[in-house]
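A.B. asks: Here it is, the structure, as structure tokens.
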Amino acid sequence: AGGNGHGCGHNLLGSASLLAACALKDWLAATGTPGRVRYYGCPAEEGGAAKTFMVRDGAFADVDAAITWHPWGMTRVDDPESLANTRMDFEFPGRASHAAASPHLGRSALDAVELMSVGVNYLREHMVNGARIHYAYMDAGGTAPNVVQAKARVRYSIRALELADMLALVERVKDVARGAALMTGTEVAFKVFSAVSNNLVNEVM
């Protein structure tokens with residue numbers, strides 16, 4: 001109680017949007033303006049890309065205008081800008097061995113993930129303006145330092161202002177991952193966790 005809520009205000013998304021929908025419905029009724037207000041709750045907002053599935057299943061097919069919002073530190077009409085985003089897992093299978101007795105027999109998946117991170121950091125200099133790449137280690141292979149880790153997994157969030165630029169950047173990150181696997185004698189598998197396009201906005205509205 002008394003705190004700022006979840007993350008960057010996502011605890012406010014549903015309640016404030018519902019209040020706005022009710023206010024608009026009341027305005028339509030009070031002014032006799034024809035129209036229908038439909039309110040959608042969008043689950044899995046942080047990384048699950050629920051609206052992608054809602055669009056695919058036709059939830060917005062008959063909608064003339066869709067309005068959304070995000071909490072911010074000031075009250076204003078926000079810049080009509082969003083980033084296309086792919087969240088992708090890179091899993092590196094290697095070969096375990098004893099790191100002291102037989103290190104030459106091992107193929108370190110953890111080394112591959114670390115080399116991928118280095119490669120992506122060098123890639124940052126050569127990305128389009130506005131692109132962003134973030135990552136989190138989901139599985140570092142284990143807790144014993146005297147073992148060559150035979151598995152590791154990292155999740156990347158690859159973002160750009162335009163969908164085409166984001167897709168091109170995804171391919172470059174995948175090439176970095178392939179290079180890391182080649183350097184370490186491991187393999188790499190890609191799996192898209194979630195993905196969204198950038199918003200196509202109406203600046204006038």
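A.B. asks: Per residue, how big is the convex hull around the C-alpha atoms of the stretch 59-205? Give it to me in cubic angstrom, could you? Write out the running numbers ahead of the final one.
C.D. replies: On the way: hull volume 21.8 nm³, N = 147.
Dividing the Cα hull volume of the stretch 59-205 by its residue count gives 148 Å³.
A.B. asks: Continuing with this model, one more query. Report the residue, chosen from Tyr156, Tyr39, Tyr135, that carries the largest GNM mean-square fluctuation when the chain is represented by alpha-carbon nodes joined by springs under 10 Å.
C.D. replies: Among Tyr156, Tyr39, Tyr135, the largest GNM mean-square fluctuation belongs to Tyr39.
A.B. asks: What order do Leu18, Leu28 take when sorted by accessible area (1.4 Å probe), most exposed first? Write out the running numbers ahead of the final one.
C.D. replies: On the way: Leu18 80, Leu28 25 Å².
Reading off the accessible areas and sorting them downward yields Leu18, Leu28.
A.B. asks: When all protein chains stay in place, what accessible area (Å², nearest 10, 1.4 Å probe) is found for Glu171?
C.D. replies: Glu171 has an accessible surface of roughly 90 Å² with all protein chains in place.
A.B. asks: Within the stretch 69-93, name every residue whose backbone N is under 17 Å away from a label modeled 7 Å from Cα of Leu12 along the Cβ vector.
C.D. replies: Zone members listed by number: 69-79.
A.B. asks: Hey, got a sec? Which GluC sites (Glu not before Pro) in the stretch 52-143 land in a DSSP loop and have at most 12 other Cβ atoms within 10 Å?
C.D. replies: Passing both the DSSP loop test and the Cβ count: Glu81.
A.B. asks: Using alpha carbon centroids, what distance separates the stretch 144-192 and the stretch 62-132, in Å?
C.D. replies: For the stretch 144-192 versus the stretch 62-132, the Cα centre distance is 8 Å.
A.B. asks: What percent do you get for the relative contact order of the chain when only Cα pairs under 8 Å and 6+ apart count?
C.D. replies: Normalised by residue count, the contact order of the chain is 27 percent.
A.B. asks: Bins of 5 Å, beginning at zero and ending with the bin holding the largest distance: percent of Cα pairs per bin for the stretch 13-92, please.
C.D. replies: Taking every Cα pair in the stretch 13-92, the percentages come to 3, 10, 17, 20, 21, 13, 8, 3, 2, 1, 1, 0, 0.
A.B. asks: Hey, what's the stretch 60-205 come to in accessible area per residue, 1.4 Å probe, Å²?
C.D. replies: Heavy-atom accessible area per residue stands at 63 Å².
A.B. asks: I would also like to ask the following. Just the number, please: carbon plus sulfur as a percent of the accessible area of the chain, 1.4 Å probe, no ligands or DNA/RNA counted.
C.D. replies: About 56 percent, which is the carbon plus sulfur part of the accessible surface.
A.B. asks: Can you give the longest run of the chain that contains no trypsin sites (Lys or Arg not before Pro) sitting in a DSSP loop with at most 13 other Cβ atoms inside 10 Å?
C.D. replies: Here the longest run is 77-205.
A.B. asks: Hey, another quick one. Choose one answer from Asp78, Asp175, Asp111: the residue with the largest mean-square fluctuation in a GNM of the chain with alpha-carbon springs under 10 Å.
C.D. replies: Maximum fluctuation in the GNM of the chain, among the listed residues, is at Asp78.
A.B. asks: Rg and Dmax of the stretch 39-138, Cα atoms, in Å?
C.D. replies: 21.1, 68
The values are calculated or read from the model by the stated rules, or taken from the named source; none is laboratory data. It should be emphasised that the depicted structure is a prediction, and the values quoted were computed from it without experimental measurement. Neighbour counts run over all protein chains shown; Cβ positions are idealised from the backbone, glycine included. These accessible areas exclude ligands, DNA and RNA; they are computed on the full protein's heavy atoms, side chains included. Shrake-Rupley method; radii C 1.70, N 1.55, O 1.52, S 1.80 Å.
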